[in-house]
Amino acid sequence: PNLGFFGHSTSGTNWTGLFAPAGLRAVAYGNGKYVAVGDMGAVFIMDTQFNGTSYPPPTMDSLKGITFGGGRFVAVGDMGRVMVSTNGQTWQTNTLPFPSPYLNAVAYGNGYYVAVGMSGSVWRSSDGLNWTDYSPGAFSEFRGIGFGEGVFVTVGWNGAIYTSTDGASWIQRD
């Protein structure tokens, strides 16, 4: 089989790990486990003792981002695919309205999941399944999003940086 490597470190210098499906793209921790997602809907779960198990893909769309918050994992990916799970093994899925954006990343904060992707798309949800478009009109592909100190920060091509406290109103910072 096509295998990759799932590593962990307490120091950032010395790494140990195990073989996992190739093409994993993102990982989140919650409910006592790490859940990684990736190409062709790959799902890999690792416990805190670093024992891992692959699960049948809940979709054939590539999943590029995952977060944990509000007691659930939310994963996003190609073709506007959004998925929600409390355990990482069973998933509810939905697809954003046409034209469905390719989503690259998702973060949780202030009671909302916020997903970002191609063509400057920004989507917000309170439950991970029902989403509203809050794209700020940016001409950039947003590649990542984080949340801290009460603020979402998304970054993208050509140095794009946008911030928001609610995931709906965005301020360009570049």
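Structure values in brief
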{"item": "Close pairs (6 angstrom Cβ cut-off, 6 or more residues apart or separate chains): farther than 13 Å from G128 by Cβ in the range 71-88, of a type in the set (K, R) anywhere", "result": "G77/K64"}
{"item": "Given (1) open to solvent by 40 Å² or more (accessible area, probe 1.4 Å); (2) farther than 15 Å from V35 by Cβ; (3) within 14 Å of the chain's Cα centre (by Cα), index of the condition N110 fails", "result": "(3)"}
{"item": "Selection from the range 144-157 of residues that are closer than 16 Å to N104 by Cα and either loosely packed, with under 13 Cβ neighbours inside 10 Å or modelled with pLDDT of 95 or more (or both)", "result": "G144, I145, G146, F147, F152, V153, T154, V155"}
{"item": "Residue list for the range 90-115, filter: out of contact with any helix residue (DSSP H, G or I) (no Cβ under 6 Å at 6 or more places or on another chain), modelled with pLDDT under 95 and among the hydrophobic types (A, V, I, L, M, F, W, C)", "result": "F98"}
{"item": "Residues that are out of contact with any Ser or Thr (no Cβ under 8 Å at 6 or more places or on another chain), part of a strand (DSSP E or B) and free of Cβ contacts under 8 Å to residues at least 60 places away in the same chain, drawn from the range 22-33", "result": "L24, V27, Y29, G30"}
{"item": "Cross-chain or 6+ apart pairs with Cβ under 7 Å, the range 99-113 first and free of Cβ contacts under 8 Å to residues at least 24 places away in the same chain, then part of a strand (DSSP E or B) and of a type in the set (A, V, I, L, M)", "result": "none"}
{"item": "Pair list, Cβ under 8 Å, 6 or more apart: the range 37-64 residue among the charged types (D, E, K, R) and modelled with pLDDT of 90 or more, other residue open to solvent by less than 60 Å² (accessible area, probe 1.4 Å) and outside any strand (DSSP E or B)", "result": "D39/A22; D39/G23; D39/S62; D61/G41; D61/D78; K64/D78"}
{"item": "Positions within the range 114-127 being open to solvent by less than 30 Å² (accessible area, probe 1.4 Å) and either in contact (Cβ under 8 Å) with a residue 60 or more places away in the chain or over 11 Å from the mean Cα position of the chain (by Cα) (or both), in sequence order", "result": "G120, S121, V122, W123, S125"}
{"item": "Residues of the range 134-154 classified as closer than 18 Å to K64 by Cβ and not hydrophobic (A, V, I, L, M, F, W, C), total", "result": "7"}
{"item": "Complete set of residues in the range 22-60 that are open to solvent by less than 30 Å² (accessible area, probe 1.4 Å) and of a type in the set (S, T, Y)", "result": "T59"}
{"item": "Scope the range 128-165; condition polar (S, T, N, Q) and more than 14 Å from the chain's Cα centre (by Cα); matching residues", "result": "N130, T132, S135, S140, N158, T163, S164, T165"}
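For every residue, the table says whether it meets (1) within 26 Å of G150 (Cα to Cα); (2) open to solvent by 40 Å² or more (accessible area, probe 1.4 Å); (3) outside any helix (DSSP H, G or I).
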{"site": "K64", "(1), (2), (3)": "yes, yes, yes"}
{"site": "A75", "(1), (2), (3)": "yes, no, yes"}
{"site": "M79", "(1), (2), (3)": "no, yes, no"}
{"site": "M83", "(1), (2), (3)": "yes, no, yes"}
{"site": "P97", "(1), (2), (3)": "no, yes, yes"}
{"site": "S100", "(1), (2), (3)": "no, no, yes"}
{"site": "A105", "(1), (2), (3)": "yes, no, yes"}
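The values are calculated or read from the model by the stated rules, or taken from the named source; none is laboratory data. Given the structure is predicted, the values throughout are model-derived calculations rather than measurements. Ideal geometry is used to build each Cβ from the backbone, glycine not excepted, and the neighbour counts take in all protein chains shown. In case anyone asks, the SASA skips ligands and DNA or RNA and just uses the protein heavy atoms, side chains included. Shrake-Rupley method; radii C 1.70, N 1.55, O 1.52, S 1.80 Å.
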